[in-house]
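Read through the structure below, which is laid out as structure tokens, and then see the notes.
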Amino acid sequence: MNKKQKKTLIRIIISAILMIVGIFIPLEGIALFVFYLIPYFIIGYDVLLKAWKGILNRQPFDECFLMAVATIGAIVVAIMGKGEYTEAIAVMLFYQIGEWFQSVAVGKSRRNISELMDIRPDYANIENEDGSLEKVDPDEVEAGTVIVVEPGEKIPIDGIVESGRSTLNTSALTGESIPTDVEEGDEVLSGCINMSGILCIRTTKEFDESTASKILDLVENASSRKSKSEQFITKFARVYTPVVVYSALVLAILPPLVRMLFMGLDPMWPEWIYRALTFLVISCPCALVVSIPLSFFAGLGGSSREGVLIKGSNYMEMLSKVRTVVFDKTGTLTKGVFEVNGIHHSKLQDEELLYFAAHVESASSHPISKSLQKAFGKDIDRKLVSDIKEISGKGVTGIVDGKKVAAGNEKLMKELGIDFIPCHHTGTIVHVAIDDKYAGHILISDVIKSESGDAIRSLKGSGIKKTIMLSGDAKAVATEVAESLKLDEVRSELLPGDKVSEIERIINENGKDGKVAFVGDGINDAPVLSRADIGIAMGALGSDAAIEAADVVLMNDDPRLIAKAIKISRKCMSIVYENIVFAIGVKVLCLILGALGIANMWLAVFADVGVLIIAVINAIRALFVKKL
């Protein structure tokens, strides 16, 4: 608890004790009135002050005004002999308990979000000419500067490792505790914690443009983007409060006048004033005004801790309505890198075939060459390779360890007059011949992420009606990926501009049957992310375009987070609707009972403070999303 919360709690305890003492001490008349004013002012002075300021500013209709009028009225009624002073104190006391409870709940939400805020670095280390390190403000570091990050320190600015090797804790950014190894040439993001070795990093951005700053900006500004539910509650409270104030005024004046002027009966002014005051206490809309934004705030905080950055409660609400998810293929459902995925019809040992293919391709900078060298997994001895000839569009020939080696596509084999065995798998096929004899072929393809299958199953299990993949790849390649993942539709051979047209077509086909989400890796998908009902950028922490264009940013490369993001949004919206129905339902019932004189001030306290506390407790559930 902070100082303000502790101070409020002390006031609550003192007022409650004095109220209870007042019940048992033998005081009457003016002495009793003066005694009860002490706990009343202790617990309610700030509410009375806010109400008075609201009147002076010509904006009186808020919960403080309602509480002030109701409690002062209750004291007047008690003086008239109808009620008790304890009712006025109890109303103010329980109102403050509700406010204190709400403050603690918001504090809990903020503390959970502050765990994410801990990625903000306090300084950057610059090495002086004498080798000493100087701590400077990260804002002062220009792009291209070499900074030093020691073990245990946060990386302050995005950059490339110039020297050193270490392990990074990326949990603050991605939500995953699996450490990441980095070495010279690797890109590193601000907010990660250096766990072992010393790293020298050449910054590629300024601090304001770095990943940590952008994430913090997203989280801090998320609450400013209001959903339709929040906008409704704000407008509702703005109209509702003056209506109930005037209704209470009518309830206090009209029935007594009717009884006195038209029925010739006792007007019963204390009775009807008491009912009007009870009506006012019941009508206070703080349960709605507090719990709805708190529900969204908790949901945004809970999702941030799980590696899902939702830019605002409006996007939270939109995400909950998604029924169709459209995927980019490369980098989203697949790894986006070529890897050796099979060796077929080899006349040699697999490792031996890779040895010849990797060596003859070693002079090439083509991704295929890099894939072969990576699969071989050992250092290439360039001394063993000679007479390399690269035949454009076909492949490479050369001498490797005294043997004549050719590696390439079917066109190369035909040109060399070598009989080969066609491959029926989808991907890039590297046929290998040694001393003019066919030795087998190597399949290289973009590998499907191991998590993609689980991600699609999770989406189907969470009520997503249709999953679609958009790809620029050839139909055979795209179809194979779609079939292996059991996607509902695949649309292939698309240019970047075609994807926007396809998204628009899918949105039109969907009509009112739920919203359409597009999931991309964020590098070249910005136009489509912007056009979809809701754009989800996955694993795009380093992509400026993705963070700018997307409505939801997943902080790692795991597609399973998509289903989790949708489940989080649905849980949050479910809590919002529960609170709206519960708060309005209880208040309408109690308002009717209050107007009829059935409900007393104690029931009014429950209708106000009790509903607030229950709604706040329910709202806090939005923080707990770990097991979704």
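The values are calculated or read from the model by the stated rules, or taken from the named source; none is laboratory data. Fair warning: this is a prediction, and the values are worked out from it, not measured in the lab. Methodologically, a virtual Cβ is constructed for each residue, glycine included, from the backbone with ideal geometry; neighbour enumeration extends over all protein chains shown.
Identify all residues within the range 515-529 that are surrounded by fewer than 24 Cβ atoms within 10 Å (Cβ to Cβ) and modelled with pLDDT under 85; write none if there are none.
Asp521, Ile523, Asn524, Ala526, Pro527
Taking the stated definitions as given, is Phe41 in contact (Cβ under 8 Å) with a residue 60 or more places away in the chain, among the aromatic types (Phe, Trp, Tyr) and assigned by TED's automatic domain parsing to the domain that holds Glu99? Steps first, please.
Numbers: in contact (Cβ under 8 Å) with a residue 60 or more places away in the chain: no; among the aromatic types (Phe, Trp, Tyr): yes; assigned by TED's automatic domain parsing to the domain that holds Glu99: yes.
For Phe41, the condition - in contact (Cβ under 8 Å) with a residue 60 or more places away in the chain, among the aromatic types (Phe, Trp, Tyr) and assigned by TED's automatic domain parsing to the domain that holds Glu99 - is not met.
Let me confirm something: among Leu348, Leu309, which residue is touching a helix residue (DSSP H, G or I) at 6+ places or on another chain (Cβ under 9 Å), more than 30 Å from Val400 (Cβ to Cβ) and aliphatic (A, V, I, L, M)?
On the way: Leu348 fails: more than 30 Å from Val400 (Cβ to Cβ).
None of the others qualify; the one that does is Leu309.
List every residue pair whose Cβ atoms sit under 6 Å apart, with the two residues 6 or more apart in sequence or on different chains, where the first one lies in the range 379-405 and is among the basic types (Lys, Arg) and the second, anywhere, is exposed (fewer than 15 other Cβ atoms within 10 Å of the Cβ).
What qualifies is Lys394/Lys411; Lys403/Asp435; Lys404/Asp435.
Going by what's in this entry, would Glu206 be described as over 30 Å from Leu66 (Cα atoms), surrounded by fewer than 24 Cβ atoms within 10 Å (Cβ to Cβ) and at pLDDT 80 or above? It would help to see each step written out before you state the result.
On the way: over 30 Å from Leu66 (Cα atoms): yes; surrounded by fewer than 24 Cβ atoms within 10 Å (Cβ to Cβ): yes; at pLDDT 80 or above: yes.
Yes, satisfied.
Taking the stated definitions as given, is Ser320 closer than 27 Å to Ile613 by Cβ, modelled with pLDDT of 90 or more and either polar (S, T, N, Q) or not assigned by TED's automatic domain parsing to the domain that holds Cys64 (or both)? Please lay out each step first, then the result.
Working: closer than 27 Å to Ile613 by Cβ: yes; modelled with pLDDT of 90 or more: yes; either polar (S, T, N, Q) or not assigned by TED's automatic domain parsing to the domain that holds Cys64 (or both): yes.
Spelling it out, Ser320 is indeed closer than 27 Å to Ile613 by Cβ, modelled with pLDDT of 90 or more and either polar (S, T, N, Q) or not assigned by TED's automatic domain parsing to the domain that holds Cys64 (or both).
Count, please, the residues in the range 382-418 that happen to be of a type in the set (Asp, Glu), touching a His at 6+ places or on another chain (Cβ under 8 Å) and either loosely packed, with under 14 Cβ neighbours inside 10 Å or within 17 Å of Leu372 (Cβ to Cβ) (or both).
Here is the first cut: in the range 382-418, the ones of a type in the set (Asp, Glu) are 387, 390, 401, 410, 415.
Okay, now just the ones that are also touching a His at 6+ places or on another chain (Cβ under 8 Å), so 401, 410.
If we keep only those that are either loosely packed, with under 14 Cβ neighbours inside 10 Å or within 17 Å of Leu372 (Cβ to Cβ) (or both) as well, we get 401.
Qualifying residue count for the region: 1.
From the list Glu489, Glu480, which one is in contact (Cβ under 8 Å) with a residue 12 or more places away in the chain and exposed (fewer than 14 other Cβ atoms within 10 Å of the Cβ)? Steps first, please.
Numbers: Glu480 fails: exposed (fewer than 14 other Cβ atoms within 10 Å of the Cβ).
Exactly one of Glu489, Glu480 is in contact (Cβ under 8 Å) with a residue 12 or more places away in the chain and exposed (fewer than 14 other Cβ atoms within 10 Å of the Cβ), namely Glu489.
Suppose we keep only residues that are outside any helix (DSSP H, G or I) and surrounded by 14 or more Cβ atoms within 10 Å (Cβ to Cβ) within the range 34-70. Which one would you say is nearest to the chain's Cα centre (by Cα)? Spell out the reasoning first.
Going through the range 34-70, the residues outside any helix (DSSP H, G or I) turn out to be 57-62.
Pick out the ones that are also surrounded by 14 or more Cβ atoms within 10 Å (Cβ to Cβ) and you get 60-62.
On the way: Pro60: 36, Phe61: 34, Asp62: 31 Å.
Filtering the range 34-70 for residues that are outside any helix (DSSP H, G or I) and surrounded by 14 or more Cβ atoms within 10 Å (Cβ to Cβ), the one nearest to the chain's Cα centre (by Cα) comes out as Asp62.
If Ser462 satisfies every condition in (1) hydroxyl-bearing (Ser, Thr, Tyr); (2) buried (at least 17 other Cβ atoms within 10 Å of the Cβ); (3) farther than 23 Å from Pro367 by Cβ but one, which is the exception?
(2)
Step by step: first the residues of the range 359-394, then only those that are of a type in the set (Val, Ile, Thr), at pLDDT 85 or above and within 49 Å of the chain's Cα centre (by Cα), then the one that is farthest from Leu443 (Cα to Cα). Which residue is that?
The selected residue is Ile380.
Restricting to the range 87-143, give me the number of residues that are under 15 Å from Asn2 (Cα atoms) and either modelled with pLDDT of 75 or more or of a type outside the set (Ser, Thr, Tyr) (or both).
Count: 11.
Tell me the strands (runs of 3 or more DSSP E) entirely within the range 369-480 that contain at least 1 residues that are under 16 Å from Tyr355 (Cα atoms).
Values: elements: 385-391, 395-400, 403-408, 428-434, 437-448, 466-470.
Counting at least 1 such residues, we get 385-391, 395-400, 403-408, 428-434, 437-448.
Among (1) in the same structural domain as Val528 (by TED's automatic domain parsing); (2) among the aliphatic types (A, V, I, L, M); (3) crowded, with 18+ Cβ neighbours inside 10 Å, which single condition is Ala474 missing?
(3)
Regarding the range 330-353, can at least one residue be identified that is without any contact (Cβ under 8 Å) to a residue 60 or more places away in the chain, of a type outside the set (D, E, K, R) and under 30 Å from Gly440 (Cα atoms)?
The initial filter retains those residues of the range 330-353 that are without any contact (Cβ under 8 Å) to a residue 60 or more places away in the chain, namely 349-352.
Filter once more, so that each one left must be of a type outside the set (D, E, K, R): 349.
Pick out the ones that are also under 30 Å from Gly440 (Cα atoms) and you get 349.
Within the range 330-353, one or more residues are without any contact (Cβ under 8 Å) to a residue 60 or more places away in the chain, of a type outside the set (D, E, K, R) and under 30 Å from Gly440 (Cα atoms).
Would you check which residues across the range 420-439 are more than 23 Å from Asp473 (Cβ to Cβ) and touching a strand residue (DSSP E or B) at 6+ places or on another chain (Cβ under 6 Å) and list them?
Looking only at the range 420-439, we keep the residues that are more than 23 Å from Asp473 (Cβ to Cβ), and these are 420-421, 432-439.
Of everything in the range 420-439, those that are more than 23 Å from Asp473 (Cβ to Cβ) and touching a strand residue (DSSP E or B) at 6+ places or on another chain (Cβ under 6 Å) turn out to be Phe420, Val432, Ala433, Ile434, Asp435, Ala439.
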